[in-house]
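**Student:** Input: one structure, supplied below.
Throughout, read-outs are computed from the coordinates displayed, never taken from laboratory work. Because the structure is a prediction, the values reported are computed rather than measured. For neighbour counting, all protein chains shown are included, and Cβ atoms are generated from backbone atoms with ideal geometry for every residue, glycine included.
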Amino acid sequence: MRDDDLPIKPDLPAPSLAEPLSDVSAVPPKPGMEVCDLNGDKVGTIAHIYQPPFPADEPDEVREPIIEVKTGLLGLGSHYWIPRSLIQETLPDSAFLSKTKAELQSLGLDKKPPYL
């Protein structure tokens, strides 16, 4: 069979680069996932996810889920309590934050919130 004998197929449109090919954040965070900071450095592993409702400071205020991240060898290091909104992207086995590890400490996320 020669190339001249092949049926002509219409050109398919190229995928748009403006649209993501898939929603990479569609995977919800779950215990056991590795957590990395903005620079890609490992922060720790998700130990627990606290779901609302939590008592809020204001009557109309709604709190978001809090993700407890354990650090150190076997999770024996410090812990972070990170609001769900700081997770920038999730993959099947890892989550990436929108802050660096130093910023987590400066935001006071290394202290357990009193409402948990």
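**Student:** Going by amide H atoms built from the backbone, whose H comes under 5 Å of the H on Met33, apart from near neighbours?
**Tutor:** Amide H to amide H, under 5 Å and 5 or more residues apart or across chains, Met33 pairs with Ile46.
**Student:** What ranking do Thr45, Thr100 get, fewest neighbouring Cβ atoms within 10 angstrom at the top?
**Tutor:** Fewest-to-most Cβ neighbours within 10 Å comes out as Thr100, Thr45.
**Student:** Can you compute the modelled spin-label distance between Leu73 and Lys112, with each label point 7 Å from Cα toward Cβ, in nm?
**Tutor:** 2.4
**Student:** In what order do Lys99, Lys30 fall by count of nearby beta-carbon atoms within 10 Å, going from fewest to most?
**Tutor:** Going from least to most buried by this count: Lys30, Lys99.
**Student:** Moving on to the next point. What length, rounded to one decimal in nm, is gained on full extension from Ser94 through to Ala26, with 0.36 nm per residue of separation minus their alpha-carbon distance?
**Tutor:** Full extension from Ser94 to Ala26 adds 23.3 nm.
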